[in-house]
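*Asks:* What follows is a single structure, and I will ask about it in a moment.
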Amino acid sequence: MSSIYTFIKQAKQNGQKLLAVLVDPEKTSVNDVLLLSEKIKSAPITHILLGGSTFHGNHLDELVRQLKIHTQLPVLLFPGNHVQIAHLADGILFLSLISGRNPEYLIEQQVQAAPILQKTQMEVIPTSYLLIESGSQTAVERVSQTTPIDRTHSDLAAQTALAGQYLGHKLIYLEAGSGALNPVPTELIQKVAQTVSIPVIVGGGIRSLSAIQQAYEAGADLVVIGTAFEENPHFFETQS
């Protein structure tokens, strides 16, 4: 079986666009999984991300187990800190918040997570995490105590992403933040996608099918939706 990263990389090479749903465990209980899974299966979703900036609960493992049972899709952890690790997950985006300069999220959380991950079988995917200004303070900005990259500074975003690639990271994640007022600008996505050769993920503030398509056209290889999909059970049915 090919790895999750190999699948994402091959999809990029083939021009196949991918779509992930971000499930926030702080908002999702085990009892919600069956209905959520039915929504996911009726949508063109290829991956499930699981995690949140402020989650401190104890039902992460069971969420992973149930999501895998009911969707048969790969479940990737999208952790806000080192305690958000569920051993049954298929993989983890091993995030380094390189848009900020807080060592806690550049390396400290990763050091704390490393011995835990060593005891699991999950695929670890080193990922450059870039927070992009979205018009309001997001949970990521508040928790990480870092300043996002100005949404008009596409050159800085591209330079930062390229540094992440040179550091050996395998993915670039451009993040506007959960519930962001504005998504990552298409001009910024395009600049980053033209600068790096590794797959680019874009998430935060994407509320429509047209916004997904715009991100794809700008160069995103994988788009992540969350709040809009959670709040609208007919997200893919009612929009054109």
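*Asks:* Which residues, counting only those in segment 29-54, are touching a helix residue (DSSP H, G or I) at 6+ places or on another chain (Cβ under 7 Å) and either surrounded by 13 or more Cβ atoms within 10 Å (Cβ to Cβ) or closer than 15 Å to Ala86 by Cβ (or both)? Can you show your working first?
*Replies:* Going through segment 29-54, the residues touching a helix residue (DSSP H, G or I) at 6+ places or on another chain (Cβ under 7 Å) turn out to be 30, 33-34, 37, 40-41, 48, 50, 53-54.
The answer is Val30, Val33, Ser37, Ile40, Ile48, Leu50, Ser53, Thr54.
*Asks:* Tell me which residues, restricted to segment 109-158, are closer than 19 Å to Ala193 by Cβ and loosely packed, with under 15 Cβ neighbours inside 10 Å.
*Replies:* Asp150, Thr152, Asp155 - these are the residues of segment 109-158 that are closer than 19 Å to Ala193 by Cβ and loosely packed, with under 15 Cβ neighbours inside 10 Å.
*Asks:* Does Ala114 satisfy the criteria of being without any contact (Cβ under 8 Å) to a residue 24 or more places away in the chain and either closer than 23 Å to Leu76 by Cβ or in contact with a Pro (Cβ under 8 Å, 6 or more places away or on another chain) (or both)?
*Replies:* On the way: without any contact (Cβ under 8 Å) to a residue 24 or more places away in the chain: yes; either closer than 23 Å to Leu76 by Cβ or in contact with a Pro (Cβ under 8 Å, 6 or more places away or on another chain) (or both): yes.
So Ala114 fits the description; yes.
*Asks:* Sort out which residues of segment 38-65 are more than 17 Å from the chain's Cα centre (by Cα) and not in a helix (DSSP H, G or I), and write them in order of number.
*Replies:* Result: Ser42, Ala43, His56, Gly57, Asn58, His59.
*Asks:* Can you find a residue in segment 56-67 that is touching an Asp or Glu at 6+ places or on another chain (Cβ under 7 Å) and either β-branched (Val, Ile, Thr) or surrounded by 20 or more Cβ atoms within 10 Å (Cβ to Cβ) (or both)?
*Replies:* No, there is no match, as no residue in segment 56-67 is touching an Asp or Glu at 6+ places or on another chain (Cβ under 7 Å) and either β-branched (Val, Ile, Thr) or surrounded by 20 or more Cβ atoms within 10 Å (Cβ to Cβ) (or both).
The rows are residues; the columns are (1) farther than 27 Å from Ala193 by Cα; (2) among the aliphatic types (A, V, I, L, M); (3) in contact (Cβ under 8 Å) with a residue 12 or more places away in the chain.
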residue	(1), (2), (3)
Ile8	no, yes, yes
Gly15	no, no, no
Ala20	no, yes, yes
Val23	no, yes, yes
Val30	yes, yes, yes
Leu36	yes, yes, yes
Thr54	yes, no, yes
Leu63	yes, yes, yes
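*Asks:* OK, next. Consider only pairs whose beta carbons are under 6 Å apart and that are at least six residues apart or on different chains; among these, list those whose first residue lies in segment 183-209 and is small (Gly, Ala, Ser) and whose second residue is open to solvent by 10 Å² or more (accessible area, probe 1.4 Å) and in a loop (DSSP other than H, G, I, E, B).
*Replies:* Correct list of pairs: Ala193/Gly219; Gly205/Asn182; Gly205/Pro183; Ser208/Gln239.
*Asks:* So which residues in segment 77-97 are within 20 Å of Leu156 (Cα to Cα) and either touching a His at 6+ places or on another chain (Cβ under 6 Å) or open to solvent by 20 Å² or more (accessible area, probe 1.4 Å) (or both)? Write out each step before concluding.
*Replies:* Let us first name the residues in segment 77-97 that are within 20 Å of Leu156 (Cα to Cα), namely 95-97.
Of everything in segment 77-97, just one residue is within 20 Å of Leu156 (Cα to Cα) and either touching a His at 6+ places or on another chain (Cβ under 6 Å) or open to solvent by 20 Å² or more (accessible area, probe 1.4 Å) (or both), namely Leu95.
*Asks:* Mind listing whichever residues of segment 166-185 are at negative phi, more than 17 Å from the chain's Cα centre (by Cα) and modelled with pLDDT of 95 or more?
*Replies:* Tyr166, Leu167
*Asks:* Next up: Filter segment 168-188 down to the residues that are open to solvent by less than 50 Å² (accessible area, probe 1.4 Å) and in contact with a strand residue (DSSP E or B) (Cβ under 6 Å, 6 or more places away or on another chain) and list them by number.
*Replies:* Hits for segment 168-188 are His169, Leu171, Ile172, Tyr173, Leu174, Glu175, Ala176, Val184.
*Asks:* Tally time: how many residues in segment 117-138 are assigned to a loop (DSSP other than H, G, I, E, B) and free of Cβ contacts under 8 Å to residues at least 60 places away in the same chain? Give the steps one after another, and end with the answer.
*Replies:* Residues of segment 117-138 that are assigned to a loop (DSSP other than H, G, I, E, B), as a first pass: 119-122, 133-138.
Now restrict to residues that are free of Cβ contacts under 8 Å to residues at least 60 places away in the same chain: 119-122, 133, 135-137.
Result for segment 117-138: 8.
*Asks:* Is it true that some residue in segment 84-107 is among the hydrophobic types (A, V, I, L, M, F, W, C), modelled with pLDDT of 95 or more, under 26 Å from Ala163 (Cα atoms) and in a helix (DSSP H, G or I)? Lay out the reasoning, then the answer.
*Replies:* At the first step, the residues of segment 84-107 found to be among the hydrophobic types (A, V, I, L, M, F, W, C) are 85-86, 88-89, 92-95, 97-98, 106-107.
Checking the rest, the ones that are also modelled with pLDDT of 95 or more come to 85-86, 88-89, 92-95, 97-98, 106-107.
If we keep only those that are under 26 Å from Ala163 (Cα atoms) too, we end up with 92-95, 97-98, 106-107.
Next, from what is left, pick out any that are in a helix (DSSP H, G or I): 106-107.
Yes, that holds for at least one residue.
*Asks:* Could you grab me the full set of residues in segment 6-37 that are aliphatic (A, V, I, L, M) and assigned to a helix (DSSP H, G or I)?
*Replies:* Applying the first criterion (aliphatic (A, V, I, L, M)) to segment 6-37 yields 8, 11, 18-23, 30, 33-36.
Across segment 6-37, the qualifying residues are Ile8, Ala11, Val30, Val33, Leu34, Leu35, Leu36.
*Asks:* Still on this structure, I have one more. Tell me whether segment 70-81 contains one or more residues that are in contact with a strand residue (DSSP E or B) (Cβ under 8 Å, 6 or more places away or on another chain) and at positive phi. Step through it out loud before you land on a result.
*Replies:* Filtering segment 70-81 for residues in contact with a strand residue (DSSP E or B) (Cβ under 8 Å, 6 or more places away or on another chain) gives 71, 73-79.
Add one more test, that the residue is at positive phi, and what stays is none.
No, there is no match, as no residue in segment 70-81 is in contact with a strand residue (DSSP E or B) (Cβ under 8 Å, 6 or more places away or on another chain) and at positive phi.
The values are calculated or read from the model by the stated rules, or taken from the named source; none is laboratory data. The structure displayed is predicted, hence computed values, not measured ones. Quick reminder, even Gly has a Cβ in these numbers, built from the backbone with ideal geometry, and neighbours come from all protein chains shown. Each accessible area value is taken on the protein alone, full model and side chains, heavy atoms only, with ligands, DNA and RNA left out. Shrake-Rupley method; radii C 1.70, N 1.55, O 1.52, S 1.80 Å.
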